[in-house]
Amino acid sequence: MKILVIVFRIIIGLVLILSSTLKGADPMGTVIKTGEWLKALHLGFLSFSSHFLALALIAAEYVTGCAILLGVKMKFFSKFSLYLMGFFTLITLYASIFNPVSDCGCFGDAIPMSNVQSLIKNIVLLIGAFHIFLFYRYSKSDQYRELNVRWQKIRALGGKRTELSIVILYLLIILTVSLRSLSSTPPAEWGPYKAGTDLLFANNAESEGNAYETEQADSVQSQMYLYTKDGLTQAFSLDNLPDTTWTFVDIAPDQTGGFAKDLIESIVKFETKAPPVLPIRNLGGFYVSSAILSSTTDIVFISIPQINSISEHDAVRLVKLANEIYDKTPYTCYILCAASADQIRDKFKNRLFGKVLIGDYKSLLSLNRSNAGVSILHSGVIIAKYGSALRPAPFGLSHRRLMHVLAQDPDDVEIKSLSRSAAFIQLFFVGTLLTIYLLRVFLRRKKIIIAEGAEVEREK
């Protein structure tokens with residue numbers, strides 16, 4: 001029993017830490033997913049709280065995972081983890097039945113999971129959390145007496161104040177990382193326009209959509225239909241239906257596996273989809289995405305999801321920066337705004353020169369989390385992202401630093417960008433586990449020393 005509890009503690013702790021790490025690296029993705037869930041649950045009037053709920057969820061998962069692995073405040077966190085897993089299980093059960101969202105967002109955008117996969121995962125974790133809860137809640141009962149566990153009488157690991165300090169420490173760590181990522185470009189992200197995404201391929205894939213639709217139509221035509229006549233049941237295709245003397249019974253079942261096959265595929269199959277097209281229009285309302293991506297090798301996009309957050313002075317600075325990039329580097333710079341043509345003209349006055357274009361809010365926020373954030377493309381591929389061009393480092397990107405980056409080899413810029421993202425996740429995740437191990441060793445040794453000292457005092 002005790003070994004099983006340890007195994008469940010390790011599994012739940014690792015899953016919660018991994019989930020919160022991936023979400024904390026790109027909290028805006030969690031904010032967006034939280035907003036989608038609120039709408040799916042008919043709670044759209046609470047959308048204003050999406051940021052708070054997302055940060056609260058990330059912090060709760062991270063602190064709970066660390067506490068369970070470390071073994072601090074287990075009387076509280078064994079119960080809290082049970083409530084947390086119960087809540088997640090109910091949410092994913094609802095999603096599996098009604099399918100309001102395609103992806104639950106359990107691991108952010110890093111590990112896409114279907115609703116059925118998420119439900120199965122949460123059921124397993126719920127069973128583990130329930131087992132841990134019983135172990136610590138009823139450790140004084142006769143049923144658990146043989147385990148030699150008396151949780152209520154065990155002195156808190158390192159002392160109650162030490163335990164509370166550890167919980168606060170991990171809470172501050174995850175909030176610092178999440179808030180830092182919210183205020184600038186995330187250190188790592190897995191959205192539809194992450195670094196390494198080929199936007200030119202997305203546009204080409206869209207042009208091939210008609211072929212896909214034809215293929216889907218052919219699959220519908222191959223569907224078989226069951227008809228009966230004089231006690232005889234026979235299957236017919238849509239192109240070869242029988243006369244009116246036959247009676248329709250049902251659609252013929254799929255002979256390639258049926259329900260079991262569909263269920264297995266929903267559990268183990270991960271679909272690889274082409275990235276969505278980045279919709280860009282000129283002020284005349286015409287889409288120019290394909291023309292821009294196919295005609296220009298090197299591009300700098302400065303995206304502005306919230307145009308009201310920048311002043312006219314900022315608009316002047318951005319246009320000057322776009323001109324400077326065009327004159328001094330091999331790149332062409334475009335300013336993408338989630339606004340109407342009239343709003344753009346009012347903000348930028350007569351300084352457009354064809355460099356200010358229109359995009360939609362969600363796409364621009366997915367392209368770059370920062371307002372006036374910089375995204376660099378080479379041959380249609382996003383090679384790097386940086387914070388706002390209107391804010392100084394570390395929350396933004398200075399003009400001097402941007403010009404230095406654009407002077408480098410594009411392949412080197414892409415390699416450095418991808419390496420930084422992978423390194424952050426690995427270092428943060430492994431660093432968390434390492435601190436947990438070191439704290440556990442230190443506090444256990446401290447507890448032994450205190451116990452030995454008390455025994456010596458009694459002998460004296």
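Checking the condition within 22 Å of F286 (Cα to Cα) and not small (G, A, S), which residue from L427, L364 passes?
Working: L427 fails: within 22 Å of F286 (Cα to Cα).
On inspection, the qualifying residue turns out to be L364.
Given the condition within 18 Å of the chain's Cα centre (by Cα) and under 22 Å from S165 (Cα atoms), answer yes or no: does some residue in segment 48-56 qualify?
Yes: segment 48-56 contains one or more residues that are within 18 Å of the chain's Cα centre (by Cα) and under 22 Å from S165 (Cα atoms).
Kindly indicate which of L439, L418, L402 is under 28 Å from the mean Cα position of the chain (by Cα) and either of a type in the set (F, W, Y) or closer than 21 Å to G24 by Cβ (or both). Show your work before the answer.
Numbers: L439 fails: under 28 Å from the mean Cα position of the chain (by Cα); L402 fails: either of a type in the set (F, W, Y) or closer than 21 Å to G24 by Cβ (or both).
Exactly one of L439, L418, L402 is under 28 Å from the mean Cα position of the chain (by Cα) and either of a type in the set (F, W, Y) or closer than 21 Å to G24 by Cβ (or both), namely L418.
Here is a check on your reading of the model: is G29 under 21 Å from I111 (Cα atoms), in contact with a strand residue (DSSP E or B) (Cβ under 7 Å, 6 or more places away or on another chain), of a type outside the set (A, V, I, L, M) and in contact (Cβ under 8 Å) with a residue 12 or more places away in the chain?
On the way: under 21 Å from I111 (Cα atoms): yes; in contact with a strand residue (DSSP E or B) (Cβ under 7 Å, 6 or more places away or on another chain): yes; of a type outside the set (A, V, I, L, M): yes; in contact (Cβ under 8 Å) with a residue 12 or more places away in the chain: yes.
Against the criterion (under 21 Å from I111 (Cα atoms), in contact with a strand residue (DSSP E or B) (Cβ under 7 Å, 6 or more places away or on another chain), of a type outside the set (A, V, I, L, M) and in contact (Cβ under 8 Å) with a residue 12 or more places away in the chain), G29 qualifies.
Which one of these is of a type outside the set (F, W, Y), touching a helix residue (DSSP H, G or I) at 6+ places or on another chain (Cβ under 8 Å) and either not in a helix (DSSP H, G or I) or not assigned by TED's automatic domain parsing to the domain that holds L18 (or both): M113, M85? Give the derivation first.
Details: M85 fails: either not in a helix (DSSP H, G or I) or not assigned by TED's automatic domain parsing to the domain that holds L18 (or both).
Exactly one residue qualifies, and that residue is M113.
Looking at (1) under 24 Å from T30 (Cβ atoms); (2) modelled with pLDDT of 90 or more; (3) not aliphatic (A, V, I, L, M), which one does G396 not meet, given that it meets all the others?
Of the numbered conditions (1) under 24 Å from T30 (Cβ atoms); (2) modelled with pLDDT of 90 or more; (3) not aliphatic (A, V, I, L, M), the odd one out for G396 is (2).
Being in contact (Cβ under 8 Å) with a residue 12 or more places away in the chain, within 20 Å of the chain's Cα centre (by Cα) and either crowded, with 22+ Cβ neighbours inside 10 Å or on the phi < 0 side of the Ramachandran plot (or both): is that true of A67 here?
no
Considering only segment 293-317, how many residues are of a type outside the set (G, A, S), closer than 16 Å to L367 by Cβ and modelled with pLDDT of 90 or more? Don't jump to the end; show me each part of the working.
Of segment 293-317, the ones of a type outside the set (G, A, S) are 293, 296-302, 304-308, 310, 312-314, 316-317.
If we keep only those that are closer than 16 Å to L367 by Cβ too, we end up with 293, 299-302, 304-307.
Still in the list and also modelled with pLDDT of 90 or more: 299-302, 304-307.
Residues meeting the conditions: 8.
Just checking, does segment 160-181 include any residue being buried (at least 19 other Cβ atoms within 10 Å of the Cβ), farther than 21 Å from L364 by Cβ and aromatic (F, W, Y)?
Yes, segment 160-181 contains at least one residue that is buried (at least 19 other Cβ atoms within 10 Å of the Cβ), farther than 21 Å from L364 by Cβ and aromatic (F, W, Y).
Hey, can you tell me all the residues within segment 412-442 that are within 25 Å of V381 (Cβ to Cβ) and touching a residue at least 12 places away in the same chain (Cβ under 8 Å)?
Filtering segment 412-442 down to residues within 25 Å of V381 (Cβ to Cβ) leaves 412-426.
V413, E414, K416, S417, L418, R420, S421, A422, F424, I425, listed by residue number.
The values are calculated or read from the model by the stated rules, or taken from the named source; none is laboratory data. Owing to the predicted nature of the structure, the values given are computational and were not obtained by experimental measurement. Cβ atoms come from the backbone with ideal geometry, glycine included; neighbour counts cover every protein chain shown.
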